[in-house]
1. With +1 on each Lys and Arg Cβ and -1 on each Asp and Glu Cβ, and nothing else charged, work out how big the dipole of the range 58-140 is about its Cα centre, in Debye to the nearest 20.
2. Most fluctuating residue of Asn37, Asn75, Asn96 in a GNM of the chain with Cα springs under 10 Å: which is it?
3. Whole-Hz Karplus ³J(HN,Hα) for the range 83-99, in order, using 6.51 cos²θ - 1.76 cosθ + 1.60 and θ = phi - 60°, x for Gly and Pro?
4. Tally up the carbon and sulfur contribution to the accessible surface of the chain as a whole percent, 1.4 Å probe, everything protein left in place.
5. Any idea what Rg and Dmax come out to for the range 1-125 if you just take the C-alpha atoms, in Å?
6. For Lys80, go through the aspartates and glutamates and keep the ones whose alpha-carbon is under 20 Å away, minus same-chain ones fewer than eight residues off.
7. Under a plain spin-label model, where a point goes 7 Å from the Cα along Cα-to-Cβ, how far apart in nm are Leu105 and His137?
8. Translational diffusion coefficient of the range 60-140 at 4 °C, 1.567 mPa s, Stokes-Einstein with Kirkwood Rh over Cα pairs, in µm²/s as a whole number.
Amino acid sequence: NIHVVTNVLKRFLRRLPDPIISFEIYDPLISLVKDNNLISNLPLTDNSDKMLDSNLFEFIKVSMTKLLEQLPRENLEVLKLLSKHINLVSQYSRFNLMNLHNLALVFTPSLIHDITGERDMIDMKERNYIVEFTLLHRLV
């Protein structure tokens, strides 16, 4: 059953001592989203041509990529593989109802969280944004 396999993968990722998007870059990524009010100023769409502000988009894309490049090599490689797989799964959204946005929502808690778990709810929108932006624009 594909749901069991997916749940095992998400549980494994969630239980890593340091998440795939590591604690080291958690605060800078969250700050990048909050400080630039990206959820309002640069909303995510399935069509990157609809980005409202191309200068802001380029700045965020470069900034986020630089932060992700700071990940340990192993984390970055896993993120690349997951990103490739998630994008592939989203290509079948007509059949599985899992578009990139839905997949990002499902995988975000397993890929990025704060060290204590206390900010999971507070930073939920920003964490979802980071994962979806990374997947949508293939930053890794």
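1. Roughly 360 debye, rounded to the nearest 20.
2. Ranking Asn37, Asn75, Asn96 by mean-square fluctuation puts Asn96 first.
3. 4, 4, 5, 4, 5, 5, 4, 5, 5, 9, 4, 4, 9, 9, 6, 10, 7
4. C and S atoms contribute 56 percent here.
5. In order Rg, Dmax, the Cα atoms of the range 1-125 give 15.1, 44 Å.
6. List returned: Asp18, Glu24, Asp46, Glu69, Glu132.
7. Taking the two extended label points, one gets 2.2 nm.
8. Calculated translational D: 98 µm²/s.
The values are calculated or read from the model by the stated rules, or taken from the named source; none is laboratory data. It should be emphasised that the depicted structure is a prediction, and the values quoted were computed from it without experimental measurement. Methodologically, a virtual Cβ is constructed for each residue, glycine included, from the backbone with ideal geometry; neighbour enumeration extends over all protein chains shown. The area values use the complete protein model at the heavy-atom level, side chains included, leaving out ligands, DNA and RNA. Shrake-Rupley method; radii C 1.70, N 1.55, O 1.52, S 1.80 Å.
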